[in-house]
1. Suppose each label sits 7 Å from its Cα in the direction of the beta carbon; what would the W43-Y175 distance come out to in nanometres?
2. What do the square roots of 5 times the Cα gyration tensor eigenvalues come to for the stretch 60-110, in whole Å, largest first, as semi-axes of the equivalent ellipsoid?
3. Taking the Cβ of G178 as the centre, find all other residues whose Cβ is under 9 Å away and add up their charges (Lys, Arg: +1; Asp, Glu: -1).
4. About the Cα centre of the stretch 43-160, what is the dipole size in debye to 20, counting +1 per Lys and Arg Cβ and -1 per Asp and Glu Cβ, all else neutral?
5. Ignoring GluC sites (Glu not before Pro) that are buried or in helix or strand per DSSP, and keeping those with at most 15 other beta carbon atoms within 10 Å, what is the longest stretch of the chain between them?
6. Cα centroids of the stretch 1-21 and the stretch 159-176: how far apart, whole angstrom?
7. What is the dipole size for the chain, taken about its Cα centre, with +1 at each Lys and Arg Cβ and -1 at each Asp and Glu Cβ, in debye to the nearest 20?
8. Tell me what the chain gives for mean residue ellipticity at 222 nm when only DSSP H runs of n ≥ 4 count, each as -39,500 (n - 2.57), the sum divided by the residue total, rounded to 500 deg cm²/dmol.
Amino acid sequence: MDEIAKYNQGRWRRLVGANAVFTRPALDLDLGTARHRIDPRGWLGSVDGKRVLILAGGGGQQSVAFALLGAQVTVLDLSDAQLASDRLAAVRLGLEIETVEGDMRDLSAFDPAGFDIVTQPYSLNFVPDCQAVFHEVSRIVRPGGMYSVDVATPYFVGVGERDFDGQGYVVKLPYLQGVLVETPDAAWVAGGRPVEPAREYRQTLATVINGLVAEGFRITHLDEGLHTDPDPQATPGSWDHFNSVVPPWLTFWTVRDR
């Protein structure tokens, strides 16, 4: 385990202890809310019986949503604390999932072409080289299988609601692939407790697109990542206002062609 993995593992353990937003298991899902959580646009189709890997996405949210819809679910995450939330949610909802502690950059624990779907919630920016992740995923997705991956909108990595200067949100960091950006989590994200800043790495748009294509993934859809309806009338400098000006995340939907 390198220093990047050690830092992320320790930080997520403390985020779980702080009851941060993305560590709270989804214990009240039904078929409708499960489908909306994983596939609000209807691009996945039926997942019943499909072999699904939730990649670096522990926390008991996506995993149980897929399992409720009939998928055979495995979760890989660096954080044992996050995986504990997946197991808790599965028990509470009477579901079966498999949890594996590991690094998204090393998927050697899995068989070639072992999954129909790999879905990666927001985590790609926690490592400096997205190509290393894409290479690993390309080995374990069957031909014709799907890979969806969230990534920070690359032009705004390190920019948040705190950067409002009275007129707009200031972009001030160099646009370089793999550059480290340390960003304190907002109180609403981190459960209201101080936790060390996120260490994220900018993945440029060209690097993500060309990296996916180079590994045999055909991009079928792009979602500009707004998880709530934007509110331009929100208070400037608030998260809701920032979210209406800057789409914070992109989701690439792809199919493994070769």
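1. 2.3
2. Listed largest to smallest, the semi-axes of the stretch 60-110 are 19, 12, 7 Å.
3. Taking every other residue near G178 into account, the sum is 0.
4. 260
5. Value returned for the longest uninterrupted segment is 97-223.
6. That distance is 26 Å.
7. Computed charge dipole of the chain: roughly 200 debye.
8. On the way: 7 runs with 72 residues, N = 258.
Helix-only estimate at 222 nm: -8500 deg cm²/dmol.
The values are calculated or read from the model by the stated rules, or taken from the named source; none is laboratory data. All figures in this text were calculated on a predicted structure; none of them were measured in a lab. Backbone-built Cβ (ideal geometry, glycine too); neighbour counts: all protein chains shown. The protein model used for the area step is the full one, side chains on, heavy atoms only, and it has no ligands, DNA or RNA in it. Shrake-Rupley method; radii C 1.70, N 1.55, O 1.52, S 1.80 Å.
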